[in-house]
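The values are calculated or read from the model by the stated rules, or taken from the named source; none is laboratory data. Everything quoted here is computed from the prediction, not taken from an experiment. Heads up, the Cβs are rebuilt from the backbone with ideal geometry, glycines too, and the neighbour counts pull from every protein chain shown. Only protein heavy atoms, including side chains, enter the accessible area calculation; ligands, DNA and RNA are left aside. Shrake-Rupley method; radii C 1.70, N 1.55, O 1.52, S 1.80 Å.
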Amino acid sequence: MSGVPLPSNLLPGDGSPEWFSRADNAWQLIAATLVGLQSVPGLIILYGGAVKKKWAVNSAFMSLYAFACVFFCWVVWGYRMSFGDELLPFWGKPAMSLEHAYLFKRAFLGAFPNATMVYFQCVFAAITLILIAGAVLGRMNFYAWMLFVPLWLTFSYTFTAFSIWSSSGFLTKMGIIDYSGGYVIHLSSGVAGFTAAYWVGPRLNKDRERFPPNNILLMLAGAGLLWMGWTGFNGGDPYTVNSDASLAVLNTHACTATSLLTWVILDVLFFRKPSVIGAVQGMITGLVCITPAAGVVEGWAALIMGVLSGSIPWFTMMVVHKRSKLLQKVDDTMAVFHTHAIAGTLGGLLTGLFADPRLNKLFYGTDGQYVGFFYGLGSKKVSTGFRQMGVQILGIIFVIFVNVISTSLICLFIRIFVPLRMSEEDMEIGDEAAHGEEAYAIWGQGDKLENSSSKYGSSLYDDVEAGGPKKKRGGTVEMMSN
């Protein structure tokens with residue numbers, strides 16, 4: 001067989017050297033595009049449909065702007081600061097990723113060029129900023145957002161990406177397991193979003209009290225793109241077309257489905273009404289929770305993670321939120337803290353418990369270093385399992401610390417030049433004041449033409465923010481809108 005000549009389309013050449021895998025490169029580009037579609041148009045239409053009608057354009061535009069701005073910054077300096085030569089143990093040296101001499105070289109992982117890796121990592125960076133936007137929708141000054149995006153990418157995202165994902169990062173060397181961004185993307189965006197919401201300030205009181213989605217079906221379309229796009233989000237991180245990629249995809253969808261069902265069941269049990277907005281929240285927490293573990297845990301563990309991701313964030317959102325003065329004070333429009341910070345933390349901890357050494361060897365190529373706590377107990381490697389949990393917890397502390405400090409400093413710096421929050425007058429108007437444009441003409445602010453709520457009962461969720469479920473008549477759980 002070795003003497004059989006290759007077809008001409010498989011022969012090495014200037015554009016495809018011997019180390020180059022056409023199959024891996026094709027899948028990596030497809031996976032990156034799937035992740036890009038999660039943002040554009042996925043989160044654009046999810047946010048655009050989930051907010052009050054007067055904020056539809058602004059919310060969608062914040063996402064579109066962030067995607068474009070991140071892409072520019074990423075190729076000019078961001079990628080090399082996240083994955084390039086070490087400047088500090090948590091930061092890379094800034095440099096451009098534009099010359100073909102660099103872009104055609106083999107990437108630090110995988111059998112494809114730097115150009116593919118730059119694109120793949122860029123869409124992950126972009127969605128992180130768009131997730132942060134979810135916490136400040138409905139009042140952040142767009143000019144402040146224009147400054148926030150490049151500053152946060154440069155002085156926060158690059159820190160965590162280099163520390164956890166770069167082969168030179170200090171947490172990478174310690175052996176942290178973050179398969180596809182539970183720490184770098186979701187915990188970061190949840191903490192940064194909550195911190196930014198604190199500094200920006202709240203929406204108008206009447207918007208906090210009533211913020212109905214202007215188009216739930218549009219919101220569902222965005223949620224569907226987000227869910228299906230996660231096939232590339234987690235399936236692209238082995239950086240090769242192999243069985244581990246398939247396992248990551250299957251675990252992703254199994255965990256997500258379980259989480260959604262768990263959330264809906266809890267809504268029915270406690271509020272006697274299934275909510276589609278609640279279902280979307282459960283979907284998101286499942287996607288977030290499985291992300292750090294997708295290809296390194298067994299299917300049964302993915303289902304357990306789904307049950308926990310559909311119940312623990314539900315509890316923090318529906319119960320803890322009501323009893324916490326801090327959570328009540330900070331106006332997190334899309335409940336990013338619960339769906340990303342809480343679910344991301346949960347995913348990181350559960351990864352430390354359930355990570356299978358055999359699957360870790362397949363993913364990392366290292367035997368014996370990555371051992372989940374439960375497997376450590378079963379294989380008499382208790383100290384290794386304990387160490388893994390310690391590294392996972394250290395990673396959580398690091399990400400929280402970096403994002404609280406960096407996001408606070410960035411917000412304080414920006415408000416020297418422009419207000420972080422729109423004026424009260426502009427917030428009364430919304431899109432027309434911010435952009436001179438409106439999404440579409442419907443009566444009022446999404447209010448029904450007929451008072452059908454008195455006939456059929458109102459929605460469990462006045463808005464996506466924690467605090468939506470209303471008091472259940474005759475029940476024991478009281479959760480009034482904030």
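For the list (1) open to solvent by 10 Å² or more (accessible area, probe 1.4 Å); (2) part of a helix (DSSP H, G or I), I need the number of the one condition that Asn251 fails.
Single failed check for Asn251: (1).
List pairs: first residue in the range 331-345 and within 18 Å of Trp199 (Cβ to Cβ), second residue aromatic (Phe, Trp, Tyr) and part of a helix (DSSP H, G or I) anywhere in the structure, Cβ distance under 7 angstrom, at least six positions apart or on different chains.
Hits for this filter: Asp332/Phe194; Val336/Phe194; Phe337/Phe194; Ala341/Phe194.
Given the structure, is Ile416 without any contact (Cβ under 8 Å) to a residue 24 or more places away in the chain, within 19 Å of the chain's Cα centre (by Cα), farther than 21 Å from Gly310 by Cβ and open to solvent by 30 Å² or more (accessible area, probe 1.4 Å)?
So Ile416 fails the test.
Filter the range 182-211 for residues that are in contact with a Leu (Cβ under 7 Å, 6 or more places away or on another chain) and crowded, with 24+ Cβ neighbours inside 10 Å and give the result.
Ser189, Gly193, Val200
At least 2 residues that are under 15 Å from Phe120 (Cβ atoms) in each: list the helices (runs of 4 or more DSSP H) lying fully within the range 1-108 that qualify.
Once the helices (runs of 4 or more DSSP H) in the range 1-108 are filtered for at least 2 residues that are under 15 Å from Phe120 (Cβ atoms), what remains is 22-37, 56-73, 79-83.
Suppose we filter Asp237, Asp267, Asp244 for residues that are among the acidic types (Asp, Glu) and more than 21 Å from Ala111 (Cβ to Cβ); which single one remains?
Asp267
From the residues in the range 350-405 that are within 25 Å of the chain's Cα centre (by Cα) and not in a helix (DSSP H, G or I), which one is farthest from Gly110 (Cα to Cα)?
Gly372
When you look at Ser311, is it assigned to a helix (DSSP H, G or I), polar (S, T, N, Q), within 25 Å of Gly134 (Cβ to Cβ) and modelled with pLDDT of 95 or more, yes or no?
yes
Considering only the range 377-413, how many residues are more than 17 Å from Asp356 (Cα to Cα), aliphatic (A, V, I, L, M) and open to solvent by 20 Å² or more (accessible area, probe 1.4 Å)?
Count: 8.
Only one of Gly110, Gly92 is at positive phi and either among the small types (Gly, Ala, Ser) or open to solvent by 20 Å² or more (accessible area, probe 1.4 Å) (or both); which?
After applying the criteria, what remains is Gly110.
Which of the residues spanning the range 92-115 are farther than 25 Å from Ser156 by Cβ and in contact with a strand residue (DSSP E or B) (Cβ under 8 Å, 6 or more places away or on another chain)?
Listed by number, the residues that qualify are Leu103, Phe104, Lys105, Arg106, Phe112, Pro113.
Can you spot a residue in the range 285-304 that is on the phi < 0 side of the Ramachandran plot, open to solvent by 30 Å² or more (accessible area, probe 1.4 Å), at pLDDT below 95 and part of a helix (DSSP H, G or I)?
no
Taking Ser168 and the conditions (1) in contact with a Pro (Cβ under 7 Å, 6 or more places away or on another chain); (2) at pLDDT below 95, which numbered condition does it fall short on, given that it satisfies the others?
Among (1) in contact with a Pro (Cβ under 7 Å, 6 or more places away or on another chain); (2) at pLDDT below 95, Ser168 violates only (1).
On the given criteria, is Val268 surrounded by fewer than 17 Cβ atoms within 10 Å (Cβ to Cβ) and assigned to a helix (DSSP H, G or I)?
Judged against the criteria, Val268 is a match.
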